[in-house]
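One structure is given here, and the rest of the page talks about it.
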Amino acid sequence: MDKLNVAVVGIGAMGKNHARVCSSIKNVNLVAVCDTNENTAKEISEKYNTKCYLDCKRMLAKEIVDAVSVCVPTKLHKEVAIGIIKKGINVLVEKPIATTVSEAKEIINEAKKKNVKLMIGHIERFNPVVIELKKRIMRNELGKIYKVHSVRLSQFPKRVIDVGVIVDLAIHEIDILKYLVDSKIKRVFAETAQRIHSLHEDLLIGTIRFENSILGVINANWLTPKKVREITVTGEKGMFVANYLSQELYFYEKEFAQKSVDYNKKFIYGSEGKKTKIKIINSEPLKNELISFVDCIRKNKEPLVTGQDGLEALDIAQKLKQSAKENRVISI
C-alpha cells in the first residue's frame, strides 16, 4: 500500500492532536474526522483539508479506511472500537483501553477474531526519555533495581473526565513501571482522596510490589498548580531521574557502587554521587506512537503496546481503586 487511509473518531483534546499528527505523516492520508459536535468536526476537517462526519457508522460506510484512532470518552471505547473492528479495520484506542476489564477483553477478542491490529495509546512508551531509560536498564547500568518512583501531577483537567485520576492519569505510570521493571505484580496498596471531583478520586498514593522484589510508588493527582511528570529509578549503582516533559535524563552515580562495602559493618559518610546528563534527541511522543502504529500495519508486526498491555494496566488500576475502597492490600 502506498498511503494508509486513517480517520480520527472523537475530536476532543487528544483527538485534535491525533488529527494534527496524522495530517503530517508522509505515508498517511487523513481521510476523515468524526465527532458529534458539528462545529468542532467542521473546524478540524477544514483545518486539515479532510472530510467531516457526525456519525462513525456513516463515515465507515462511505470512506475507505485502513486504520482509526479512537479518541472518544472512555465510557464509549468499547462500543466505538468494536464497531470499527467488526469492519475489519485496524484501531488505535486511546488509553485506558476501556472502562472495565470485561469490556477490554471484549475489544481484544473481537480484534483477534477479525485479525486486525489493536494498539493502545499509552503514549509515554514512545517518549524518547523512556526509550533511553529502558535501554540503560536493560544494559544493567543500575545493577539491581530497588525502587521506581513515579510522580504525575496536574491541575484539574478542562476536558471531559468520566473516570478518576487512577484510570485516567496514574494508568500511564502503571504501564511504564511494568514496562521498565519487566516483572509481574505481586500486590498493590493505595490511599486515595476525593477533594474537588464530583464523582471520582482525584488524588492517589499507590504502592506496587513486583515479584522480583522491586517496589513501585505512584504519586498522582489533579490538585497541583504545577504540571509534574517525573520518574526516578533507584538501584545498587545509582539513580536515574527522567523528566517526561523536558525529555531530560540524569544519572546520579552511587559513590560506593564500584567498591565492596558491607553496609552493616561500616559507618559510611557518603557524598552525593556524580551527576551526568544523558543526551536525548527530543521528539513528539504522539508522532512516534502514530508512526509506530502505521509501521506495524504496513509490516504486519505486533504493536509495541498491545491490547493485553492495555488490559493489564487497567486491571492494576482497578485493583488500586479496590485497595483504597476496602483499605487493604490486594494480592494479584
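The values are calculated or read from the model by the stated rules, or taken from the named source; none is laboratory data. Here the structure is a predicted model, which means the values were calculated and not measured. All Cβ positions, even for glycine, are placed from backbone atoms using ideal geometry, and neighbour counts span all protein chains on display.
When restricted to residues that are among the hydroxyl-bearing types (Ser, Thr, Tyr) and under 15 Å from the mean Cα position of the chain (by Cα), region 156-184 contains 1. Can you find a residue that is assigned to a loop (DSSP other than H, G, I, E, B) and either among the small types (Gly, Ala, Ser) or closer than 24 Å to residue 136 by Cβ (or both) anywhere in region 283-299? Yes, the conditions are met somewhere in region 283-299.
Of the candidates 256, 210, 240, the single residue that is at pLDDT below 95, under 22 Å from residue 138 (Cα atoms) and of a type outside the set (D, E, K, R) is 256. Which one of the conditions (1) buried (at least 24 other Cβ atoms within 10 Å of the Cβ); (2) free of Cβ contacts under 8 Å to residues at least 40 places away in the same chain; (3) of a type outside the set (Val, Ile, Thr) does residue 193 fail to meet, given that it meets all the rest? Every condition holds for residue 193 apart from (1). Residues that are of a type in the set (S, T, N, Q) and crowded, with 23+ Cβ neighbours inside 10 Å were ranked within region 57-113; the one that is farthest from residue 16 (Cα to Cα) is 90. For region 24-40, name all the residues that are over 19 Å from residue 56 (Cα atoms), free of Cβ contacts under 8 Å to residues at least 60 places away in the same chain and touching a strand residue (DSSP E or B) at 6+ places or on another chain (Cβ under 9 Å). If the condition is that a residue be over 19 Å from residue 56 (Cα atoms), free of Cβ contacts under 8 Å to residues at least 60 places away in the same chain and touching a strand residue (DSSP E or B) at 6+ places or on another chain (Cβ under 9 Å), then no residue fits. Listed by first and then second residue, the pairs with beta-carbon distance under 6 Å, at least 6 apart or on different chains, first residue in region 201-225 and in a strand (DSSP E or B), second buried (at least 16 other Cβ atoms within 10 Å of the Cβ) and among the aromatic types (Phe, Trp, Tyr), are 207/189. Step by step: first the residues of region 130-152, then only those that are in a helix (DSSP H, G or I) and in contact (Cβ under 8 Å) with a residue 60 or more places away in the chain, then the one that is nearest to residue 221 (Cα to Cα). Which residue is that? Only one residue fits best here, namely 130. Using the structure shown, decide if residue 10 is on the phi > 0 side of the Ramachandran plot, buried (at least 19 other Cβ atoms within 10 Å of the Cβ) and of a type in the set (Gly, Ala, Ser). Spelling it out, residue 10 is indeed on the phi > 0 side of the Ramachandran plot, buried (at least 19 other Cβ atoms within 10 Å of the Cβ) and of a type in the set (Gly, Ala, Ser). Condition check: surrounded by fewer than 19 Cβ atoms within 10 Å (Cβ to Cβ) and modelled with pLDDT of 95 or more. Does residue 292 satisfy that? Yes. Restricting the search to region 238-260, which residues are part of a loop (DSSP other than H, G, I, E, B) and in contact with a strand residue (DSSP E or B) (Cβ under 7 Å, 6 or more places away or on another chain)? Those that are part of a loop (DSSP other than H, G, I, E, B) and in contact with a strand residue (DSSP E or B) (Cβ under 7 Å, 6 or more places away or on another chain): 244, 245, 254, 257. Count of region 123-160 residues, restricted to those that are farther than 20 Å from residue 175 by Cα and of a type in the set (Val, Ile, Thr), is 1.
Among the residues of region 78-124, those identified as over 21 Å from residue 8 (Cβ atoms) and basic (Lys, Arg) are 105, 112, 113. Filtering region 199-217 to residues that are under 25 Å from residue 273 (Cα atoms) and either of a type in the set (A, V, I, L, M, F, W, C) or buried (at least 18 other Cβ atoms within 10 Å of the Cβ) (or both) leaves 214, 215, 216, 217. Restricted to region 153-177, and to residues there that are part of a loop (DSSP other than H, G, I, E, B) and β-branched (Val, Ile, Thr), the residue that is surrounded by the fewest Cβ atoms within 10 Å (Cβ to Cβ) is 160.
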